[in-house]
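I have a structure I would like to understand better, so I am pasting it below and will then ask my questions one at a time.
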Amino acid sequence: MATATIADDLRPLHHPKSWIGKYVWSQDHKVIAIQYSLTAIAIGLVALVLSGLMRLQLGFPDTFDFIQPENYLQYVTMHGMIMVVYLLTALLLGGFGNYLIPLMVGARDMVFPFVNMLSYWFYLLAVLVLVASFFVPGGPTGAGWTLYPPQTILEGTPGHQYGIILMLASLAIFVVAFTMGGLNYVTTVLQARTKGMTLMRMPCSVWGIFVASIMGLLAFPALFVACIMMLLDRLVGTSFFMPAIASMGKELGYEGGSPILFQHLFWFFGHPEVYIVALPAFGIVSDLIAVHARKNIFGYRMMVWAIVIIGALSFFVWAHHMYVSGMNPYFGFFFATSTLIIAIPTAIKVYNWLLTLWRGDIHLTVPMLFAIGFLFTFIHGGLSGLFLGNVSVDVPLSDTFFVIGHFHMVMGVSPILVIFGAIYHWYPKITGRMWNDALAKIHFWVTFLGVYAIFLPMHYLGMLGVPRRYFALGETAFIPPSAHLANEWITIAALIVFAAQMLFFWNMTWSLFRGPRADPNPWGAASLEWQTPDTPPGHGNWGPTLPTVYRWAYDYSVPGADRDFTPQTQPPGGAGRYHAT
Amino acid sequence: MNLFGRLTEKSWETPGADPTADPALSRPSAASVGLRVFFGIVTMLFGLVTMAYVMRMGTVAMEHGPVSDWRPMPDPPLLWINSAILILSGLAWEAARAGARIGRGLLLFAGVVAAGLLALLFLAGQLALWAQYAARGYYAAANPSYSFFYLITGLHGLHLLGGLYVWGRTVSRLLAGADAGAVRVTVDLCAAYWHFLLVIWLVMLGLLIST
Ligand code: HEM
Ligand SMILES: [Cu+2]
């Protein structure tokens, strides 16, 4: 740990002189955050295009000759993996975590800026290795984002030659990158909070990102180990996961390996991963709702505890992804119970969001619209999740489009809506400009209604028994013509949603140069990041002295105060609030 | 304030309650907090490997009838020699710490250098162990117990290499004339890291030789 820790020391920072030092090899958390975000969004676009291709095939089978069955599998795999790991995780923690933590807890930067910079470059390397797999002979892997052995490395699975090797290598590099970043996020929250910023005065956003980072640090090692072991199986011929098996008529050298072992390792990572994505979104959406409803978040302490409890519990539920792999019925019972218990703190959060809105002074700004949209999709996805948490209901629905509809609602669309809301919310602080409101509203409505048009019918398809990961349905007695019709409309909706995202990119780019200058605190927010001396914040964030915090981040509409918000930095005196929440 | 007290604070009721004393004065350094967090991660990593080890050992392979295909490995003397070297390396760090504490520059320098060299010797010993095993036909692919052996020693060695990177920087700072006070924190943290890796190694060693 030989790196300097600039948050400790209040001497003026060393300012990088050259353009490259400032924007490329930067150790400034704000620049790193933007690098992370842009990279994540770029690779996320690839995943979006892949989903469009899948939808084209599903909606209009026999139309596109360039989509062969093996291509479809590759699209599914790369789409899923990129969305979950390389887009959402990287954007929420690498992007928002990096940008928000130091500003919201009142630090000058992350505690290990050099390691933070390395984290980004390793992430970029992971992305490049992943992209490279599109260009190797055999193409990227088509094993499904869960990469279950033995099929992952058997002949017959697309990309079994090089694609799978690159995928595993890229994931391992990603884990290293994440570990370097996560170490920073956790340590910065623990160690570099400014004077007066007690743990319970931190905004929910920081709590969500903080707990998610801890979870990531504990869960990603499982993915790392699984990737290394599978790489050894593939390259060296070990039999960690590979059972004795014959493929294409010849015996392979493997013997005795355990595919179930891989599933345990994968889901020990995979389930917490869902919450690694969800908790930052939960935290951020709490702040969006509080700021734009001009109310303190209802039950702040409960909200924080719920985040912590969800984080802890989610390490005890992983095997609910393995009901159909077979397990001791007592284990099944245990995991079903723990899964349903998680619903309690999650439901508390939902009620508290609704109660915050209740009789609030709701400003229907674009960030608020996205926050409300999130409430819809999340409640919706949560309800369908209750079906799948029950072993007996899960068995017939598993591997159908019901599952696809469920998890896209709860962990695909919901965090994405929060991310959009968050980008609109903090854009004025990050760039110093405002975006175009009309375009943003169109973007919201098309996206929000569009995702319903896409994913709601999928539940219906799933109940009919339409399987997931199928290239085409063919002539099947149990699938009525209405299913084909639904598929066509889903595809059309998906293309419209795709187009709406282009509006978003246009708006963001145009506003960067032409948008009106933003007020330093356009929403009248109380939390620390809006109180920086410069907008966008300069190097070192706070000018000569660090801010001192006197109150929590939610003093909105305090009776008797002269404004409807009281910044965290405002010393007491005059009106305070003395009534409990 | 204890953790429970912190987490039950009614932050909405305390506008302006005298903010706690300047945290910069009372907190442990960022590096030591970061190192603790890192211990958690590494513990998780090796814990998971251990779980995988145990599960794989108990996997009953169909093609062998109702017995596992697991075959134990011999425990050559080198295994014990290497472990002893790692212990010595940790002791050398303790000597360096003592040197830094009482301000004896020579003891500090000798301790640091010895600790690093012993760690390098340990790594060389581990490589020799690999070569020995390979020469006797214990290839990674030949049996899962061999595969795990290479995996575990490899992961452990990589973590030690990371520590040696910090060691190298410390040595060069000492050579450049840094005094005991300047490197004290680093030396303390390195010692803690070495002890931590030693504990991990001993647990892994127990796992390897008991199965
Ligand atoms: C408009 C946006 C999206 C559309 C149209 C879409 C569409 C699809 C489709 C058609 C599939 C494959 C279904 C199958 O045949 O099995 C799929 C799979 C998947 N999607 Fe999305 N998706 C979108 C956004 C997202 C997002 C934001 C996430 C982030 C979590 C995500 C995560 C996944 C995952 C994990 C899979 C499963 C991959 C697998 O089975 O291996 N998707 N998506
Ligand atoms: Cu799960």
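The values are calculated or read from the model by the stated rules, or taken from the named source; none is laboratory data. Computed from a predicted model, the values in this text were never measured in an experiment. Heads up, the Cβs are rebuilt from the backbone with ideal geometry, glycines too, and the neighbour counts pull from every protein chain shown.
Check off (1) touching a residue at least 40 places away in the same chain (Cβ under 8 Å); (2) closer than 30 Å to B:T59 by Cα; (3) more than 13 Å from the chain's Cα centre (by Cα); (4) part of a helix (DSSP H, G or I) for B:I152 and give me the number that stays unchecked.
Exception for B:I152: condition (3).
Mind checking which pairs have a first residue in segment A:82-108 that is over 11 Å from A:I209 (Cα atoms) and a second that is within 16 Å of ligand 2 (Cβ to nearest atom) and not in a helix (DSSP H, G or I), Cβ under 9 Å, 6 or more apart or different chains?
From segment A:82-108, the pairs are A:I82/A:W145; A:M83/A:W145; A:V84/A:W145; A:V85/A:W145.
Quick one: which residue in A:G412, A:G421 is within 12 Å of ligand 1 (Cβ to nearest atom), part of a helix (DSSP H, G or I) and on the phi < 0 side of the Ramachandran plot? First the steps, then the outcome.
Details: A:G421 fails: within 12 Å of ligand 1 (Cβ to nearest atom).
Only one candidate qualifies: A:G412.
Looking only at segment A:474-509, count every residue that is loosely packed, with under 15 Cβ neighbours inside 10 Å and in a loop (DSSP other than H, G, I, E, B) and tell me the total.
6
Could I ask something else about it? If you check A:L288 against the conditions, is it within 16 Å of ligand 1 (Cβ to nearest atom) and more than 14 Å from chain B (Cβ to nearest Cβ)? I'd like the intermediate steps shown before the answer.
Values: within 16 Å of ligand 1 (Cβ to nearest atom): no; more than 14 Å from chain B (Cβ to nearest Cβ): yes.
Spelling it out, it is not the case that A:L288 is within 16 Å of ligand 1 (Cβ to nearest atom) and more than 14 Å from chain B (Cβ to nearest Cβ).
Looking for whichever is surrounded by fewer than 22 Cβ atoms within 10 Å (Cβ to Cβ) and within 17 Å of the chain's Cα centre (by Cα) here; the options are A:L375, A:L364. Which one fits?
Every option except A:L375 fails the conditions.
Within segment A:174-197, restricting attention to residues that are without any contact (Cβ under 8 Å) to a residue 60 or more places away in the chain and surrounded by fewer than 21 Cβ atoms within 10 Å (Cβ to Cβ), which residue is nearest to A:M81 (Cα to Cα)?
A:V176
Tell me, which residue of segment A:189-198 that is within 16 Å of A:V211 (Cβ to Cβ) and facing another protein chain (nearest Cβ under 8 Å) is nearest to the chain's Cα centre (by Cα)? Before the answer, list the steps.
In the first step, residues of segment A:189-198 are kept if they are within 16 Å of A:V211 (Cβ to Cβ); the result is A:189-190, A:193.
In the following step, the residues that additionally are facing another protein chain (nearest Cβ under 8 Å) were identified as A:190, A:193.
Values: A:L190: 23, A:R193: 25 Å.
Out of the qualifying residues, it is A:L190.
Something else: Quick one: A:F471 ticks every box in (1) buried (at least 18 other Cβ atoms within 10 Å of the Cβ); (2) assigned to a helix (DSSP H, G or I) except a single one, so which number is it?
Against the list (1) buried (at least 18 other Cβ atoms within 10 Å of the Cβ); (2) assigned to a helix (DSSP H, G or I), A:F471 comes up short only on (2).
Okay, next question. Could you tell me which numbered condition A:V324 fails, if it satisfies all but one of (1) among the β-branched types (V, I, T); (2) away from ligand 1 (no atom under 16 Å from the Cβ); (3) over 19 Å from the mean Cα position of the chain (by Cα)?
(2)
To continue, here is another question. Please indicate, with yes or no, whether at least one residue in segment B:110-124 is in a helix (DSSP H, G or I), within 14 Å of chain A (Cβ to nearest Cβ), surrounded by 14 or more Cβ atoms within 10 Å (Cβ to Cβ) and not small (G, A, S). Break it down into steps so the answer makes sense when it comes.
Residues of segment B:110-124 in a helix (DSSP H, G or I): B:110-124.
Now drop any that are not within 14 Å of chain A (Cβ to nearest Cβ), which leaves B:112, B:116.
Cutting the leftovers down to surrounded by 14 or more Cβ atoms within 10 Å (Cβ to Cβ) gives us B:112, B:116.
Now narrow it down to the ones that are not small (G, A, S): B:112.
Yes.
For the structure I just gave you, tell me whether A:V549 is at pLDDT 90 or above and within 14 Å of chain B (Cβ to nearest Cβ).
Values: at pLDDT 90 or above: yes; within 14 Å of chain B (Cβ to nearest Cβ): yes.
Yes, satisfied.
Is it true that A:V393 is of a type in the set (A, V, I, L, M) and modelled with pLDDT of 95 or more?
Working: of a type in the set (A, V, I, L, M): yes; modelled with pLDDT of 95 or more: no.
It is false that A:V393 is of a type in the set (A, V, I, L, M) and modelled with pLDDT of 95 or more.
Ok, one more. Can you pull out the residues in segment A:299-324 that are in a helix (DSSP H, G or I) and either away from every other protein chain (no Cβ under 14 Å) or within 12 Å of ligand 2 (Cβ to nearest atom) (or both)? Before the answer, list the steps.
Pass one, segment A:299-324, residues in a helix (DSSP H, G or I): A:300-316, A:318-324.
Within segment A:299-324, A:I310, A:L313, A:S314, A:F315, A:F316, A:W318, A:A319, A:H320, A:H321, A:M322, A:Y323, A:V324 meet the criteria.
Right, B:S83: assigned to a helix (DSSP H, G or I), among the polar types (S, T, N, Q), surrounded by 15 or more Cβ atoms within 10 Å (Cβ to Cβ) and free of Cβ contacts under 8 Å to residues at least 24 places away in the same chain or not?
Numbers: assigned to a helix (DSSP H, G or I): yes; among the polar types (S, T, N, Q): yes; surrounded by 15 or more Cβ atoms within 10 Å (Cβ to Cβ): yes; free of Cβ contacts under 8 Å to residues at least 24 places away in the same chain: no.
In short, no.
Let me ask you something else. Quick check: is even one residue across segment A:78-99 within 14 Å of chain B (Cβ to nearest Cβ), away from ligand 2 (no atom under 16 Å from the Cβ) and aliphatic (A, V, I, L, M)?
Kept after step one, since they are within 14 Å of chain B (Cβ to nearest Cβ), are these residues of segment A:78-99: none.
Looking for residues that are within 14 Å of chain B (Cβ to nearest Cβ), away from ligand 2 (no atom under 16 Å from the Cβ) and aliphatic (A, V, I, L, M), one finds none in segment A:78-99, hence no.
Taking segment A:325-342 on its own, how many of its residues are aliphatic (A, V, I, L, M), more than 11 Å from ligand 2 (Cβ to nearest atom) and modelled with pLDDT of 85 or more? Spell out how you get there, then give the answer.
Quick first cut of segment A:325-342, residues aliphatic (A, V, I, L, M) only: A:327, A:336, A:340-342.
Those still in the list that are more than 11 Å from ligand 2 (Cβ to nearest atom) too: A:327, A:336, A:340-341.
Add one more test, that the residue is modelled with pLDDT of 85 or more, and what stays is A:341.
Result for segment A:325-342: 1.
Residues checked against (1) at the interface with another protein chain (Cβ under 10 Å from one of its Cβ atoms); (2) in contact with a Leu (Cβ under 6 Å, 6 or more places away or on another chain); (3) assigned to a helix (DSSP H, G or I):
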{"site": "A:V211", "(1), (2), (3)": "no, yes, yes"}
{"site": "A:R234", "(1), (2), (3)": "no, no, yes"}
{"site": "A:F262", "(1), (2), (3)": "yes, no, yes"}
{"site": "A:I284", "(1), (2), (3)": "no, no, yes"}
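Further question on the same structure: Determine whether A:T63 is away from ligand 2 (no atom under 16 Å from the Cβ) and among the polar types (S, T, N, Q). Quick ask: steps written out before the conclusion?
Values: away from ligand 2 (no atom under 16 Å from the Cβ): yes; among the polar types (S, T, N, Q): yes.
Against the criterion (away from ligand 2 (no atom under 16 Å from the Cβ) and among the polar types (S, T, N, Q)), A:T63 qualifies.
Okay, next question. Residue check: is A:V274 more than 14 Å from chain B (Cβ to nearest Cβ) and either away from ligand 2 (no atom under 14 Å from the Cβ) or surrounded by fewer than 23 Cβ atoms within 10 Å (Cβ to Cβ) (or both)? Explain how you work it out, then say what you get.
On the way: more than 14 Å from chain B (Cβ to nearest Cβ): yes; either away from ligand 2 (no atom under 14 Å from the Cβ) or surrounded by fewer than 23 Cβ atoms within 10 Å (Cβ to Cβ) (or both): yes.
It is true that A:V274 is more than 14 Å from chain B (Cβ to nearest Cβ) and either away from ligand 2 (no atom under 14 Å from the Cβ) or surrounded by fewer than 23 Cβ atoms within 10 Å (Cβ to Cβ) (or both).
Only one residue in A:Y185, A:Y123 is within 11 Å of chain B (Cβ to nearest Cβ) and aromatic (F, W, Y), so which one is that?
Values: A:Y123 fails: within 11 Å of chain B (Cβ to nearest Cβ).
Answer to the selection: A:Y185.
So which residues in segment A:413-442 are of a type in the set (G, A, S) and surrounded by fewer than 22 Cβ atoms within 10 Å (Cβ to Cβ)?
Going residue by residue through segment A:413-442, those that are of a type in the set (G, A, S) are A:414, A:421-422, A:432, A:438, A:440.
The answer is A:G432, A:A438.
Where the second residue is in a helix (DSSP H, G or I) and of a type in the set (D, E, K, R) and the first is within 13 Å of ligand 1 (Cβ to nearest atom) and lies in segment A:474-495, which pairs have Cβ atoms under 8 Å and are six or more apart or on separate chains?
Sorted first by the residue in segment A:474-495, then by its partner, the pairs are A:I490/A:R55; A:T491/A:R55; A:A494/A:R55; A:L495/A:R55.
Right, here's the next one. Quick one: A:A293 ticks every box in (1) more than 16 Å from ligand 1 (Cβ to nearest atom); (2) within 29 Å of A:T152 (Cβ to Cβ); (3) buried (at least 18 other Cβ atoms within 10 Å of the Cβ) bar one, so which box is it?
Going through the list (1) more than 16 Å from ligand 1 (Cβ to nearest atom); (2) within 29 Å of A:T152 (Cβ to Cβ); (3) buried (at least 18 other Cβ atoms within 10 Å of the Cβ), A:A293 breaks only (2).
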